[in-house]
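Enquirer: Have a look at this one.
The values are calculated or read from the model by the stated rules, or taken from the named source; none is laboratory data. Note that this is a predicted model, so its numbers are computed, not measured. Glycine gets a Cβ as well: all are built from the backbone with ideal geometry, and neighbour counts include every protein chain shown.
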Amino acid sequence: MSALKPNVIFVLGPPGSGKGTQSLNICRDYGYVHLSAGDLLREERNTPNSQYGELIEHHIRNGTIVPVEITCKLIEKAMQKHVQNKLNTGDNLFGSGRFLIDGFPRNEDNLDGWTRSMSDNVNVQFVLFFNCDEDICVDRCLKRGAAGSGRSDDNEESLRKRMNTYVKDTLPIIQYYEKLNLVKKVDAASSPDSVYESVKKLFDSSTKEL
């Protein structure tokens, strides 16, 4: 990556809280690049002859967390690829050093792995936390599955496991960053448009602070 440290915002919240939808809105309006840890893992799982594919699928189906070394490697590779593509095509590098990392870090092991391999190379601006009731989130994911999302984990059994993992493993990470005054919380229970109005207010005020 470039000599300047890229800025990173972690986007966390329960499955179905709208992290992906809102991340795309933020990228469109504020010049960030969206990297979904889950999407990167699913892409790697679907890559022919991937050495990690079977292991990733096992964790996705069981609602458990993929080993951090794999996830960090895929995130770093995606960041490097984006910046290199900009350089190769001669495009304006504006925004190429600003990333939303959606769905990471999801547990203490993720956080420790990120600290070991990435913390010296990036600047974490804050954690964007989408807070939403479990039943609302599960209902959203089931509707997404019924609409043909193609995700093997959009079923009630996997979703309940993922929710348990979120409560047990991810909430403590959010609480850790809260102690560092690095969490910006958004109520994600309402419509996507309404949620994004709150997000915009947060980003507009944060931009003034940066």
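Enquirer: Is it true that some residue in the range 5-24 is touching a Lys or Arg at 6+ places or on another chain (Cβ under 6 Å) and over 18 Å from Gln125 (Cβ atoms)?
Expert: Yes, the range 5-24 contains a residue that is touching a Lys or Arg at 6+ places or on another chain (Cβ under 6 Å) and over 18 Å from Gln125 (Cβ atoms).
Enquirer: Show the residue pairs that are 6+ apart or on different chains and have beta-carbon atoms under 6 Å apart, the first residue being within the range 155-174 and modelled with pLDDT under 95, the second being of a type in the set (Val, Ile, Thr).
Expert: Within 6 Å, the pairs are Leu159/Val138.
Enquirer: I would also like to ask the following. Does Tyr30 satisfy the criteria of being aromatic (Phe, Trp, Tyr) and closer than 19 Å to Phe126 by Cβ?
Expert: For Tyr30, the condition - aromatic (Phe, Trp, Tyr) and closer than 19 Å to Phe126 by Cβ - is met.
Enquirer: For the range 26-43, enumerate the residues that are out of contact with any helix residue (DSSP H, G or I) (no Cβ under 6 Å at 6 or more places or on another chain), assigned to a helix (DSSP H, G or I) and of a type outside the set (Val, Ile, Thr).
Expert: Matches in the range 26-43: Cys27, Arg28, Asp29, Gly38, Asp39, Arg42, Glu43.
For (1) in contact with a Lys or Arg (Cβ under 6 Å, 6 or more places away or on another chain); (2) charged (D, E, K, R); (3) loosely packed, with under 13 Cβ neighbours inside 10 Å; (4) not in a helix (DSSP H, G or I), each residue gets a yes or a no:
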residue: Cys72; (1), (2), (3), (4): no, no, no, no
residue: Ile75; (1), (2), (3), (4): no, no, no, no
residue: Asn110; (1), (2), (3), (4): no, no, no, no
residue: Trp114; (1), (2), (3), (4): no, no, no, no
residue: Val127; (1), (2), (3), (4): no, no, no, yes
residue: Asp139; (1), (2), (3), (4): no, yes, no, no
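Enquirer: Since Lys179 meets every condition but one in (1) surrounded by 14 or more Cβ atoms within 10 Å (Cβ to Cβ); (2) at pLDDT 95 or above, which condition does it not meet?
Expert: Going through (1) surrounded by 14 or more Cβ atoms within 10 Å (Cβ to Cβ); (2) at pLDDT 95 or above one by one, Lys179 breaks only (1).
Enquirer: Restricting to the range 133-152, count the residues that are of a type in the set (A, V, I, L, M, F, W, C) and either modelled with pLDDT under 85 or closer than 19 Å to Ile101 by Cβ (or both).
Expert: 1
Enquirer: Would the range 157-172 turn up any residue that is surrounded by 20 or more Cβ atoms within 10 Å (Cβ to Cβ) and of a type in the set (Ser, Thr, Tyr)?
Expert: Yes, the range 157-172 contains at least one residue that is surrounded by 20 or more Cβ atoms within 10 Å (Cβ to Cβ) and of a type in the set (Ser, Thr, Tyr).
Enquirer: Okay, moving on. Exactly one of (1) buried (at least 17 other Cβ atoms within 10 Å of the Cβ); (2) touching a residue at least 60 places away in the same chain (Cβ under 8 Å); (3) among the charged types (D, E, K, R) is unmet by Glu44. Its number?
Expert: So Glu44 meets the others, but not (2).
Enquirer: May I ask you to say which residue of Ser158, Ser152 is over 25 Å from Ser194 (Cα atoms) and assigned to a helix (DSSP H, G or I)?
Expert: Numbers: Ser152 fails: assigned to a helix (DSSP H, G or I).
Of the residues listed, the single one that is over 25 Å from Ser194 (Cα atoms) and assigned to a helix (DSSP H, G or I) is Ser158.
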